[in-house]
Amino acid sequence: MAKLRLLLRNRNVIFLLALGTGLLLPHAVRVTTHLVLPALALAMALSTLEIETAVFRRPRSLIFPSLLGIIMNYVILGNSIIGMAALTIRGEEIWTGFVLLAAVPPAVAVIPFSAFLRGNGTLSLFGTVGAYLGALAIMPLIAFGLLSAAAFDPLKLLLIILALIVLPLAVSRLLIQRGLKQRIDPYRGTVTNWSFFVVLYTMLGLNRDIILGQPLALIPVASIAVASMFILGLLIDWVLGLFHIPRETRTSLVLLGTLKNQGMAGGLALALFGQEAALPAAVSTVVMTLYIVWLDFKAART
């Protein structure tokens with residue numbers, strides 16, 4: 001029983017379970033579709049408990065790493081995703097999914113991933129915070145610039161951005177202020193992972209017919225996901241190495257430059273467009289799981 005509990009708290013096991021059940025047992029997607037945004041908001045609130053309130057009281061110390069976070073996650077990664085999608089994707093729904101993927105901020109998991117990969121924790125923290133604050137302006141600009149305003153409700157987009165970034169951050173500040181963070185900490189990772197299970201299960205379940213029935217259609221989507229993580233990550237690390245940037249700093253910049261919040265992108269796609277638009281986020285989540293395992297293996301050998 002103890003081993004089963006450990007397995008059900010393991011992030012990779014939970015993601016693999018979402019993959020298997022989403023493709024083989026998608027019958028609950030009619031229910032979970034309505035739970036995607038609440039699950040994301042919960043995951044965001046719990047994840048941002050990592051960010052101490054004191055960070056926001058030192059705005060000057062935020063400026064440089066925040067700019068680095070925005071540059072790595074939007075200028076480099078976002079433009080890479082959009083550029084590759086523009087060259088290879090023809091379907092409107094899939095294109096929309098990639099635009100949303102480029103528009104969202106980095107995965108909050110950049111912060112804990114940086115810790116176990118021995119990165120620069122301060123840079124990862126401030127870079128992530130800066131990218132999330134920048135996302136409040138950048139996300140609408142990318143969506144309005146690259147997607148037809150007639151295809152979605154701009155007001156709904158703004159409300160969802162507030163619900164998935166501003167509200168969870170405010171809730172996490174309240175939990176810290178009330179001294180509840182320590183009580184929540186033992187369960188935080190598990191609840192966050194199962195929240196993402198709901199999102200990934202729903203995205204995969206809704207796109208089950210495409211994934212199983214048209215596997216060739218996934219090749220361009222998976223290729224972009226692999227290139228924007230594995231290949232781009234190697235390229236960033238190589239370029240930074242040429243300038244003799246310390247390994248810890250390189251690790252954090254690689255994470256900021258390769259990881260997007262796929263859950264948020266998938267949630268936006270489902271709420272604003274439809275199930276096919278969530279396919280890039282679903283495929284990218286699967287690739288990201290493999291990517292993190294690879295980074296962990298790579299870090300252990302250095």
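For this structure, a couple of remarks:
- In plain terms, the residue of L35, L68 with the fewest other Cβ atoms within 10 Å comes first and the most crowded comes last, giving L35, L68.
- Shape call, region 6-45: gyration tensor on alpha carbons, a/c limit 1.5: oblate
- Distance between modelled label sites at I219 and L16, nm, 7 Å Cα→Cβ extension: 2.8 nm
- For Rg and Dmax of the Cα atoms in Å, the candidate list reads (i) 18.4, 58; (ii) 28.4, 123; (iii) 18.2, 53; the entry that matches the value derived from this model is (iii).
- Close amide H partners of K260, meaning residues 5 or more places away or on another chain with modelled amide H under 5 Å apart, are A107.
- In summary, the helical segments of the chain meeting the span-like criteria, namely a full DSSP H run, a Cα extent along the axis of 24 angstrom or more and a mean Kyte-Doolittle hydropathy of at least 0.5, are 121-146, 279-300.
- By the count of other C-beta atoms within 10 Å, a proxy for reagent exposure, S80, S228 are ordered fewest to most as S80, S228.
- Taking other C-beta atoms within 10 Å as the exposure proxy, V166, V29 rank V166, V29 from fewest upward.
- Calculated mean residue ellipticity, 222 nm, the chain: -22500 deg cm²/dmol, from DSSP H runs (n ≥ 4) at -39500 (n - 2.57) each, averaged per residue and rounded to 500.
- For the chain, relative contact order (Cα pairs under 8 Å, six or more residues apart, normalised by length) works out to 36 percent.
- Straight Cα distances below 19 angstrom link K3 to none of the aspartates and glutamates, with same-chain residues fewer than 8 positions distant left out.
- FRET efficiency for R247 and L67, using Cβ-Cβ distance with R0 set to 25 Å, rounded to 0.05: 0.70
Every number in this text was worked out from the coordinates using simple rules, so none of it is lab data. Not measured: the values here are computed from a predicted model. So basically every Cβ, Gly included, is an ideal-geometry build from the backbone, and we count neighbours across all protein chains shown.
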